[in-house]
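Below is one structure; the comments refer to it alone.
The values are calculated or read from the model by the stated rules, or taken from the named source; none is laboratory data. Note that the structure is a prediction, hence the values are computed from the model and not measured. Neighbour counts are summed over all protein chains in view; Cβ atoms, including those assigned to glycine, are modelled from backbone coordinates with ideal geometry.
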Amino acid sequence: MSGSFGFGPNNGGDDENPRDNSGVPNMGDFFAQFANMGINPQSLFTGFNNAAQNAANNGALVPVAVIRDVARKFLATQSEIPVGLGDLAQTEEALNIANTWLDAVTIFPATTHVANNSWSRRDWLDSSIEGWQKMIEPLAAGMAEALTHGLPALGQIDMSQLDIPELAGIQLPDLSALVPVMRNFVGLLFASQLGQAVGQLALSVTGAHDVALPIFKSAEARLLPQNIAAWGSGLELPEEEIRIYLALREAAAARLFSHTPWLAEYIREAIAAYGSGIRIDIQAVQRQAEDAINTGELDLSNPESINIAITRGMFTPEQTPKQEAALNKLEMVLALIDGWIDHVTSAAAESRLPSFAALSETLRRQRATSAPTQQLFASLLGLQVSPRKTRECVSFWNEVTTLADIQGRDQRWEDAVLLPTADDLGDAKKFLASTSVPDDLSGLI
């Protein structure tokens, strides 16, 4: 992904790179913006003081208009092929086949038929912006609260007592006046980076729900013909089979999200729980800065030195147990969603699509390094949904289907309390026994 929020570690890859719990979020790009511009502390404080006089935070913290503008500008630098009548006909055929096959392997009904079943990259981007904004707003709110909460304490630091020559003679203003400025800054920073991220995603998603997240108000299935062509480029496989395979995944995701309206709020709550746990210890930052300057690790007159110190996590607060629990909750539900889509797609197509094995392997390889959801959440939260976890969820759904049939499997999506935890994945039989209501309740009386 071309932009990075800088609030999490830059991890990547497969199972060899599990989530780094050493300290999320990382302040990274937030302060590096200033360092790279060569802004010295005095001018920074003065500029913020002046801006505070005119600051006003109206509406959402992360403005939709900014996200859309940044994303559109990014997309404008890329090729854009409009949707044609042939695309609509091919998509209609692929989705019809996909839904016919899915009827036999899930109890969730097909979503509402829509005439505009094919989207351009711009269509997907414009339609998804509000959903992204709503999902990410709690994280921005947590970061803004952490930063503004620490401003008064920062303003009380006696600069004359610090052994930092570069700060000698600087008089800190009443930083409480900067609260609205900092909130606006955080909101705009998130909006700008999210716009870049969504613009990048628009280049690769093959369907409306390819990100495997419930970000739309209604969950109709749609395909992006231009991206499907790019996805299958060089595979030397029948175009029709590629289209049907990706239509199966899209239609399966649409059915799941249409049937589980609670999922979007469940994911937002996990993100909000993580965001509310963000804390910035001003005194710890002060001590770290002093130590780094004394050892030569940090040179305040050198923007590159500041950037390196930030990247290495000098100003990274410790992750709290509450945040760890939120990330585990989020990782689990994302893996369960992706695993269910994989499982259902396999059940529907494995014996019908001659190229199914090759298509599945292509998806596995692409997802290990550049899965849309992986990219986004790695940037936002430092969250890596391990491909191993997704495979464990696929195996779990396979076993549940064998033990409890299709209906018993899909009924697990009725409510969050019916979903398994990470500890349940290894023993589906035990999980089903602990979460199922017996047919004969006489023994309970």
Considering LEU201, LEU223, LEU248, LEU256, which residue is surrounded by 20 or more Cβ atoms within 10 Å (Cβ to Cβ), touching a strand residue (DSSP E or B) at 6+ places or on another chain (Cβ under 7 Å), at negative phi and aliphatic (A, V, I, L, M)?
LEU223
Identify the single condition in (1) at pLDDT 90 or above; (2) part of a helix (DSSP H, G or I) that SER379 does not satisfy, given that it satisfies every other one.
(1)
Which residues, taken from the stretch 223-270, are farther than 20 Å from ASN99 by Cβ, in contact with a Pro (Cβ under 6 Å, 6 or more places away or on another chain) and among the aromatic types (Phe, Trp, Tyr)?
none
Which of the residues spanning the stretch 230-258 are outside any helix (DSSP H, G or I) and either among the charged types (D, E, K, R) or in contact with a helix residue (DSSP H, G or I) (Cβ under 8 Å, 6 or more places away or on another chain) (or both)?
GLY232, LEU235, GLU236, LEU237
Given the condition closer than 23 Å to ASN398 by Cβ and assigned to a loop (DSSP other than H, G, I, E, B), answer yes or no: does some residue in the stretch 341-351 qualify?
yes
Scanning the stretch 87-120 for residues that are part of a helix (DSSP H, G or I) and touching a helix residue (DSSP H, G or I) at 6+ places or on another chain (Cβ under 6 Å) gives ASP87, ALA94, LEU95, ILE97, ALA98, ASN99, TRP101, LEU102
Tell me, which residue of the stretch 382-415 that is of a type in the set (Gly, Ala, Ser) and in a helix (DSSP H, G or I) is nearest to SER360 (Cα to Cα)?
SER395
Please go through the stretch 205-229 and pick out each residue that is within 23 Å of the chain's Cα centre (by Cα) and part of a helix (DSSP H, G or I).
ASN227, ILE228
Return only the number of the condition from (1) surrounded by fewer than 21 Cβ atoms within 10 Å (Cβ to Cβ); (2) closer than 30 Å to TYR274 by Cα that LEU139 does not satisfy.
(1)
Selection status of GLU130, acidic (Asp, Glu) and assigned to a helix (DSSP H, G or I)
yes
Quick one: in the stretch 382-411, which of the residues that are modelled with pLDDT under 95 and touching a Pro at 6+ places or on another chain (Cβ under 8 Å) is farthest from ALA272 (Cα to Cα)?
SER386
All positions within the stretch 58-74 that are hydrophobic (A, V, I, L, M, F, W, C) and either part of a loop (DSSP other than H, G, I, E, B) or in contact (Cβ under 8 Å) with a residue 12 or more places away in the chain (or both)
ALA60, LEU61, VAL62, VAL64, VAL66, ILE67, VAL70, ALA71, PHE74
Pair list, Cβ under 7 Å, 6 or more apart: the stretch 75-99 residue under 24 Å from ALA197 (Cβ atoms), other residue outside any loop (DSSP other than H, G, I, E, B) and at pLDDT 95 or above
LEU75/ARG121; LEU75/ARG122; LEU75/LEU125; GLU80/ARG121; GLU80/ARG122; ILE81/GLN226; VAL83/SER118; VAL83/PRO225
